[in-house]
1. Trypsin sites (Lys or Arg not before Pro), restricted to the stretch A:311-341: which are DSSP loop and have at most 16 other Cβ atoms within 10 Å?
2. Give the angle, between 0 and 90 degrees and rounded to the nearest 10, that separates the Cα long axis of helix A:2-22 from the longest principal axis of the Cα atoms of chain A.
3. Using +1 at the C-beta of Lys and Arg and -1 at the C-beta of Asp and Glu, which of A:415, A:274, A:336 has the Cα lying farthest in the positive direction of the dipole of chain A?
4. Run down the lysines and flag those whose C-alpha is under 22 Å from the C-alpha of residue A:303, throwing out any fewer than 8 positions away in its chain.
5. Give a residue-ordered list of calculated ³J(HN,Hα) values for the stretch B:21-31 (Karplus: 6.51 cos²θ - 1.76 cosθ + 1.60, θ = phi - 60°; whole Hz; x for Gly, Pro).
6. Mind checking which of A:148, A:213, A:40 is farthest towards the positive end of the protein assembly as shown's charge dipole, using Cβ charges of +1 (Lys, Arg) and -1 (Asp, Glu) about the Cα centre?
7. Give a quick list of chymotrypsin sites (Phe, Trp or Tyr not before Pro) in the stretch A:428-480 that DSSP marks as loop, anything other than H, G, I, E or B, with at most 10 other Cβ atoms within 10 Å.
8. Karplus couplings for the stretch A:456-469 from phi (6.51 cos²θ - 1.76 cosθ + 1.60, θ = phi - 60°), rounded to Hz, Gly and Pro as x?
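Derivation of every value follows stated rules applied to the coordinates shown; laboratory data play no part. Just so it is clear, the structure is predicted and the values come from calculations on it, not from any experiment. Here Cβ is always computed from backbone atoms with ideal geometry, including for glycine, and neighbour counts include all displayed protein chains.
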Amino acid sequence: MKYYLFGLFASLSLSIFSQNTDYKKRVLENTEIELLSSYYSQDGVHSVIGGGIGTEELTDATLSIILTTPLNDDDVLTIDAGVSAYTSASSSNINPYNSTGASGGEGDDDDDDEGRGRNNNANSAPTGTPWAASSGASRSDELFYLNASYSHSSESRNFIWNTHASVSNEYDYTSVGVGGGISKLFNEKNTEVSLNASAYFDTWRPIYPTELHEYSKYGNGFLNQGFFQGVTILDQNGNATSAYRPTGFSQHSQTNRNSYAVTLGFSQILTKRLQVSLSLDVLLQDGLLATPYHRIYFEDKPKFYIGNAASIPFYTDPRNQDVFRLADDVEQLPNNRFKLPVGLRANYYINEMLTLRTYYRYYYDDWGITSQTANVELPVKITRSFTLLPMYRYYKQTQADYFAPYNQHFSTEKYYTSDYDLSAFDSNQYGIGASYTDIFTKFKIGTFGLKTIDLRYNNYERSDGLNANIVTFGLKFIQN
Amino acid sequence: MLIFSFLLTSLQSCTVVREYEKIYINDPDMILSARSSERFENAFQVYREAAVGGGGGKTGGGCGCN
């Protein structure tokens, strides 16, 4: 009997052992769905569409859905789709002229309309201002995007390759992107090295400021046709003139923009509580890198206006609500750009309540810009389920070689921009977040249980006067 | 590449943390990347600042921003 029992025990042990050698942990156990939404608002005084002055008021609402699902033990598919809707006082001033006078009472002022006769009645003369929104169709737009990525892990889970594709579209811009990469883990998964590459093939459908669009369409006779028919143009002294000729302007012949990126990544666990990562990107861009509707005003050219002559003396002051200066050109930038950012992350587990997350980045490009970014976040676990996330970010950049403020460029320059995003500035961003995690996913919708709820608020202030606020809300569901 | 090679060879001599010792390293707050809820903050930073990449946001394409 005892031999029989021994034999049974031995065979059972062998059976269990062979089952253990067949066991492989799935890369992702269950399907996850993440819903993310945000509301962003900003304001400032350096609108690039106003040539470096004017309101930068803008609001943006975004909704994203991210689906991550295991296809089998080794493969994961991620689908990320979203929509972003913005309203911008600055963008509305691509065509800054109000509808009452400019269209003779008709509603649509967008500058892609066929030219219409304008009423020369002084009581309905068009006006505009860089300090407020116009009613033009460019005031709002929507961006749609779709990303798909696939990853495969080796049996040992020490080698991963991935590939991805993306597409996005808004009124004047379409982007198509592809990429892929590999990661290798070794040293008992204490070390990871990765290499990723991506390329974006984008296309502009250029929109130009109204006055330049009309000049391009009708040539030297444009002041008697289309939008300008019957419209009075004023000189610096407020006198009527027909001398306005933006002869330096021509439409862009090249409308594509390509971006290429190679990323080297390295991460290392240093101790049981400390791990670091280093990320180096090599980025190249070519094509139309300027934005077609960013106005430029030359210091060495006469000034011309549409609107109320009495407001010309304080044109650059927000008191100006009814006169707009006609552009001399749009920004011109080189058709290639080289960028080199290097980022370092270091996270340290202090104790059961506190973790320290830090990030530093140095950036260089061949347009003359260098920058430094420093970010610190201190997650505080109030309870096992509830975490507070205070955070702070500092950013500082130098100015691009081609930047000058409003009315400080000269017509003899080859490249010029008054985009304050390319100026010298520093910024401070303060934020607070809260995260709730339900490990047991008690709240369910169908077969999906709610795992985490995230809420974040950040305030961003730039030294040139731009300030912004953003609120982000997220829900993560896991299929049971 | 030289920096990466140096890091690769020198940091491998650090103490190896075994899988069963990674209880702190595997904490969700220790992940070495931006949180998914940070994506919209990263997006407006890409729009409003010159710098991109370096593990701090998208590396290019998809928008008309500089």
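1. A:319
2. Approximately 10 degrees, to the nearest ten.
3. The residue sitting farthest along the positive end of the dipole is A:274.
4. Cα-Cα hits under 22 Å: A:217, A:414.
5. Running phi through 6.51 cos²θ - 1.76 cosθ + 1.60 with θ = phi - 60° gives 9, 8, 4, 7, 4, 7, 4, x, 6, 8, 4 Hz.
6. Checked the options; the winner is A:148.
7. A:440
8. 9, 9, 9, 10, 10, 10, 9, 6, 8, x, 6, 9, 8, 9
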